[in-house]
Amino acid sequence: MSLTEQLRLRQVAPGRVLPDAAPVTFTPTDITVDPADIAADMRDLAARVRSLLALQQQRVLQLPLGGRLFDTVITASGPQAYAAVAVMDEIQRTTNELGGACGPVIEDPQRSWLVWLVPPGTSEQWAPHRYATCLGRPHSIALPALTTTEPPGPYWLRPFRGDRLVPPTALSEQLDLFQPGPTPHEAVLSSMLSTIS
(Lines give C-alpha, C1' and ligand atoms only; values in the text may rest on other atoms or scores of the structure.)
Protein backbone atom coordinates (compact mmCIF):
# COMPACT_ATOMS: atom_id res chain seq x y z
CA MET A 1 0.00 0.00 0.00
CA SER A 2 1.50 3.35 -1.01
CA LEU A 3 1.60 6.45 1.16
CA THR A 4 -1.03 8.18 -0.98
CA GLU A 5 -3.35 5.21 -0.51
CA GLN A 6 -2.82 5.30 3.26
CA LEU A 7 -3.43 9.06 3.52
CA ARG A 8 -6.39 9.81 1.31
CA LEU A 9 -7.04 13.42 0.39
CA ARG A 10 -9.83 14.85 2.51
CA GLN A 11 -12.48 16.59 0.48
CA VAL A 12 -13.20 20.19 1.50
CA ALA A 13 -16.71 21.53 1.00
CA PRO A 14 -16.88 23.72 -2.11
CA GLY A 15 -17.16 27.40 -1.31
CA ARG A 16 -15.60 27.00 2.16
CA VAL A 17 -13.56 30.10 3.03
CA LEU A 18 -10.79 29.88 5.59
CA PRO A 19 -10.11 33.01 7.68
CA ASP A 20 -6.66 34.59 7.58
CA ALA A 21 -4.40 33.60 10.43
CA ALA A 22 -3.61 36.22 13.04
CA PRO A 23 -0.13 37.75 12.81
CA VAL A 24 2.49 36.14 14.99
CA THR A 25 4.33 38.37 17.43
CA PHE A 26 7.46 37.58 19.38
CA THR A 27 8.30 39.46 22.51
CA PRO A 28 12.07 39.69 22.92
CA THR A 29 13.35 39.12 26.42
CA ASP A 30 16.75 39.89 27.81
CA ILE A 31 17.92 36.65 29.42
CA THR A 32 21.47 36.08 30.53
CA VAL A 33 22.43 32.55 31.50
CA ASP A 34 25.25 32.21 33.96
CA PRO A 35 27.56 29.34 32.82
CA ALA A 36 27.61 28.10 36.43
CA ASP A 37 23.84 27.47 36.16
CA ILE A 38 24.31 24.98 33.32
CA ALA A 39 24.39 21.40 34.53
CA ALA A 40 27.77 19.75 34.08
CA ASP A 41 26.35 17.00 31.89
CA MET A 42 24.65 19.54 29.59
CA ARG A 43 27.77 21.55 28.74
CA ASP A 44 28.74 19.23 25.93
CA LEU A 45 25.20 18.53 24.71
CA ALA A 46 25.77 20.13 21.31
CA ALA A 47 28.91 18.07 20.79
CA ARG A 48 27.06 14.88 21.70
CA VAL A 49 24.17 15.74 19.37
CA ARG A 50 26.67 16.35 16.53
CA SER A 51 28.26 12.98 17.33
CA LEU A 52 24.92 11.19 17.16
CA LEU A 53 24.13 12.87 13.84
CA ALA A 54 27.53 11.77 12.53
CA LEU A 55 26.74 8.21 13.60
CA GLN A 56 23.38 8.34 11.84
CA GLN A 57 25.03 9.68 8.68
CA GLN A 58 27.71 6.94 8.77
CA ARG A 59 30.55 9.37 9.40
CA VAL A 60 33.43 9.27 11.87
CA LEU A 61 32.14 9.61 15.43
CA GLN A 62 34.16 11.48 18.09
CA LEU A 63 33.40 10.27 21.63
CA PRO A 64 34.88 10.81 25.07
CA LEU A 65 36.19 7.72 26.81
CA GLY A 66 34.92 6.69 30.23
CA GLY A 67 31.61 7.92 31.52
CA ARG A 68 28.86 5.44 30.64
CA LEU A 69 30.20 4.37 27.26
CA PHE A 70 33.52 2.53 27.24
CA ASP A 71 37.28 2.69 27.78
CA THR A 72 39.85 1.32 25.34
CA VAL A 73 42.68 -1.20 25.50
CA ILE A 74 45.24 -0.67 22.75
CA THR A 75 47.57 -3.41 21.56
CA ALA A 76 49.76 -4.03 18.55
CA SER A 77 48.05 -5.79 15.65
CA GLY A 78 49.51 -8.77 13.85
CA PRO A 79 49.28 -12.57 14.06
CA GLN A 80 49.46 -12.74 17.88
CA ALA A 81 46.72 -10.11 18.27
CA TYR A 82 44.52 -11.85 15.68
CA ALA A 83 44.93 -15.10 17.65
CA ALA A 84 43.72 -13.26 20.77
CA VAL A 85 40.70 -11.97 18.78
CA ALA A 86 39.89 -15.53 17.67
CA VAL A 87 39.98 -16.81 21.25
CA MET A 88 37.86 -13.86 22.42
CA ASP A 89 35.35 -14.83 19.70
CA GLU A 90 35.04 -18.24 21.34
CA ILE A 91 34.85 -16.80 24.88
CA GLN A 92 32.06 -14.39 23.94
CA ARG A 93 30.15 -16.67 21.55
CA THR A 94 26.58 -17.43 22.54
CA THR A 95 24.66 -20.50 21.37
CA ASN A 96 23.85 -20.52 17.65
CA GLU A 97 26.01 -17.44 17.02
CA LEU A 98 28.15 -17.56 13.89
CA GLY A 99 31.10 -15.42 12.85
CA GLY A 100 33.00 -12.97 15.02
CA ALA A 101 31.48 -12.89 18.49
CA CYS A 102 34.13 -10.80 20.22
CA GLY A 103 33.12 -7.38 21.45
CA PRO A 104 34.02 -4.32 19.36
CA VAL A 105 37.59 -4.10 18.04
CA ILE A 106 38.96 -1.43 15.70
CA GLU A 107 42.02 -2.10 13.58
CA ASP A 108 44.19 0.85 12.59
CA PRO A 109 46.43 -0.56 9.83
CA GLN A 110 48.45 2.65 9.51
CA ARG A 111 49.63 2.47 13.12
CA SER A 112 49.44 -1.36 13.42
CA TRP A 113 47.10 -1.13 16.43
CA LEU A 114 44.04 -2.93 17.66
CA VAL A 115 41.69 -0.83 19.78
CA TRP A 116 39.51 -3.00 22.02
CA LEU A 117 36.38 -1.37 23.49
CA VAL A 118 36.07 -2.43 27.14
CA PRO A 119 33.58 -1.47 29.89
CA PRO A 120 33.80 2.05 31.32
CA GLY A 121 35.97 2.27 34.42
CA THR A 122 38.41 -0.38 33.19
CA SER A 123 41.22 2.19 32.96
CA GLU A 124 40.92 2.87 36.70
CA GLN A 125 41.36 -0.82 37.53
CA TRP A 126 43.71 -1.94 34.74
CA ALA A 127 47.04 -3.12 36.12
CA PRO A 128 50.13 -2.13 34.11
CA HIS A 129 50.36 -4.63 31.28
CA ARG A 130 53.36 -5.62 29.22
CA TYR A 131 51.38 -5.99 25.99
CA ALA A 132 48.61 -3.37 26.24
CA THR A 133 47.76 0.13 27.36
CA CYS A 134 44.33 1.06 28.72
CA LEU A 135 42.90 4.57 28.36
CA GLY A 136 39.73 6.15 29.72
CA ARG A 137 38.91 9.66 30.88
CA PRO A 138 39.95 12.35 29.93
CA HIS A 139 40.83 10.95 26.48
CA SER A 140 38.55 10.70 23.47
CA ILE A 141 38.43 8.53 20.38
CA ALA A 142 37.26 8.99 16.81
CA LEU A 143 35.34 5.85 15.88
CA PRO A 144 35.14 4.85 12.23
CA ALA A 145 31.71 4.80 10.61
CA LEU A 146 29.77 1.69 11.65
CA THR A 147 29.73 0.48 8.04
CA THR A 148 33.53 0.65 7.68
CA THR A 149 34.58 -3.00 7.91
CA GLU A 150 37.74 -3.03 5.81
CA PRO A 151 40.71 -0.79 5.00
CA PRO A 152 41.82 1.74 3.90
CA GLY A 153 41.99 3.56 7.22
CA PRO A 154 40.74 2.35 10.60
CA TYR A 155 37.89 -0.14 10.39
CA TRP A 156 35.79 -2.43 12.60
CA LEU A 157 37.59 -5.78 12.85
CA ARG A 158 34.72 -6.85 15.12
CA PRO A 159 31.52 -4.77 14.88
CA PHE A 160 30.19 -2.34 17.44
CA ARG A 161 27.08 -3.90 18.95
CA GLY A 162 24.80 -2.76 21.71
CA ASP A 163 24.89 -6.07 23.58
CA ARG A 164 28.59 -6.43 24.42
CA LEU A 165 31.99 -4.97 25.08
CA VAL A 166 35.24 -6.89 25.43
CA PRO A 167 35.64 -8.38 28.95
CA PRO A 168 38.91 -6.91 30.30
CA THR A 169 39.96 -9.85 32.52
CA ALA A 170 39.67 -12.39 29.71
CA LEU A 171 41.38 -9.96 27.33
CA SER A 172 44.30 -9.43 29.73
CA GLU A 173 44.74 -13.21 30.05
CA GLN A 174 44.76 -13.68 26.27
CA LEU A 175 47.26 -10.85 25.81
CA ASP A 176 49.55 -12.52 28.37
CA LEU A 177 49.20 -15.77 26.44
CA PHE A 178 49.69 -14.45 22.87
CA GLN A 179 52.00 -11.47 23.65
CA PRO A 180 51.26 -9.09 20.74
CA GLY A 181 53.92 -6.43 20.46
CA PRO A 182 55.32 -3.88 20.46
CA THR A 183 52.98 -2.19 22.92
CA PRO A 184 51.90 1.33 21.94
CA HIS A 185 53.26 3.84 24.47
CA GLU A 186 50.62 5.70 26.53
CA ALA A 187 52.03 9.17 25.74
CA VAL A 188 51.84 8.47 22.01
CA LEU A 189 48.36 7.01 22.35
CA SER A 190 46.92 9.93 24.25
CA SER A 191 48.08 12.36 21.56
CA MET A 192 46.86 10.25 18.65
CA LEU A 193 43.79 8.36 19.83
CA SER A 194 41.29 11.08 19.02
CA THR A 195 42.68 11.26 15.47
CA ILE A 196 41.98 7.64 14.55
CA SER A 197 39.63 8.06 11.63
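Laid out as a table, the results:
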quantity: Burial ranking of peptide ranges 13-22, 113-122 (average Cβ count within 10 Å, highest at the top); calculated: 113-122, 13-22
quantity: Alpha-carbon centroid distance for the pair the stretch 82-125 / the stretch 152-178, whole angstrom; calculated: 1
quantity: Ranking by accessible area, most exposed first, for Leu157, Leu135 with a 1.4 Å probe; calculated: Leu157, Leu135
quantity: Within the stretch 128-161: backbone nitrogen closer than 14 Å to the Arg59 label point (7 Å, Cα to C-beta); calculated: 143-146
quantity: Ser112 paired with Arg161, simple spin-label distance in nm, labels 7 Å along Cα-to-beta-carbon; calculated: 3.1
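The values are calculated or read from the model by the stated rules, or taken from the named source; none is laboratory data. Not measured: the values here are computed from a predicted model. Every residue, glycine among them, receives a Cβ derived from its backbone with ideal geometry; neighbour counts consider all protein chains shown. These area figures cover heavy atoms from the full protein model, side chains too; ligands, DNA and RNA do not enter into them. Shrake-Rupley method; radii C 1.70, N 1.55, O 1.52, S 1.80 Å.
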